[in-house]
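A quick write-up on the structure given underneath.
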Amino acid sequence: MNPTQTQWSIEEAIRKKIETLKQVEQELPGVLIVHDITTGTVVYMSQRGLRELGITMKELEEMGPAYHARFFNPEESAHYVPAIFNLLERNKNDEIVSYFQQVRATPDEEWTWHACTTRVFMRQPNGKPLLTLTIALPIDPAHQITIKVNKLLEENRFLRQHYHLFAKLGNRERDVLKLLAIGKSSAEIAEALFISATTVDTHRRNIKSKLGVSTSYELSQYARAFDLI
């Protein structure tokens, strides 16, 4: 089979795979997305997804890899995209990767949460992945899962943004920070750590100086984000 025939055969196989999804997309509760990983292009999205984004399939294909930066939160994609690449590298049958994803149709809108699962959907003749299939399930903004995930992500963002400051603290300062964050007084901290109250006060001043904070709430943010409490 010459290269032209091989390419036609692959394109025909892709078309048939996508046709199987079109037959069931109306029956499924989420959005279906198929990526061509060799080009970074979305080659299929179910009608529900196109409506949510306010875009046509033709526009989506023409957008190419820029689609992801336009519609998805880059702070979160920086965490799950590597997991998808690892999935492709392992290239195992039936392996999946699951993650939360934030999506919005326009920059003026609020991010909406989706619970997503991705797997290899089709392979090239040489066995390497060609297409991925993602199922994205919308999550009610008022659902307790969304509230909990938002809280975890806020702490995760805080950790990434402030790690360089937290790293300045010594082990004893971290011990003091932990006890400060749970409301212990200087006297109580001194007793717990077998040091003087004056030393505790010195640690407190140094901690606030190194972290650039002034309130107990700010101290507790660090303690929560860095798993001290």
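Give me the base-10 log of I(q)/I(0) for the range 90-141 at each q in 0.15, 0.21, 0.25 Å⁻¹, Debye formula, one uniform scatterer per Cα, rounded to two decimals.
Here the Debye-derived log intensity ratios amount to -0.53, -0.77, -0.91.
Among the helices of the chain (complete DSSP H runs), which have Cα atoms covering no less than 18 Å along the helix axis and a Kyte-Doolittle mean of at least -0.5?
Details: long enough: 3-22 (28 Å, -1.00); 74-90 (25 Å, -0.25); 144-166 (32 Å, -0.53); 197-211 (21 Å, -1.04).
Long hydrophobic helices here: 74-90.
Hey, any idea what % of the chain's accessible area is carbon plus sulfur with a 1.4 Å probe?
Details: 7250 of 13550 Å².
So the carbon and sulfur contribution to the accessible surface is 53 percent.
Find out how many positive minus negative residues lie around residue 88, taking Lys and Arg as positive, Asp and Glu as negative, among other residues whose Cβ is under 15 Å from that of residue 88.
On the way: positive: 90, 92, 119, 123, 128; negative: 36, 89, 94, 95.
Its environment carries a net charge of +1.
How large is the Kirkwood hydrodynamic radius of the chain, counting all unique pairs of alpha carbons, in Å?
After inverting the pairwise mean of 1/r, the radius is 21.2 Å.
Residue by residue through the range 104-112, which ³J(HN,Hα) values in whole Hz follow from phi under the Karplus form 6.51 cos²θ - 1.76 cosθ + 1.60 (θ = phi - 60°), with glycine and proline marked x?
So the Karplus estimates, Gly and Pro as x, are 8, 6, 9, x, 7, 8, 6, 5, 10 Hz.
Taking a 1.4 Å probe, which of 108, 94 shows the most accessible area, and what order do the others take after it? Display every interim value, and only then the final one.
Numbers: 108 145, 94 120 Å².
Greatest to least solvent exposure: 108, 94.
The values are calculated or read from the model by the stated rules, or taken from the named source; none is laboratory data. Bear in mind that the values here come from a model prediction, so they are computed numbers and not experimental data. Every residue, glycine as well, gets a Cβ built from its backbone with ideal geometry; the counts of neighbours run over all protein chains shown. The area values use the complete protein model at the heavy-atom level, side chains included, leaving out ligands, DNA and RNA. Shrake-Rupley method; radii C 1.70, N 1.55, O 1.52, S 1.80 Å.
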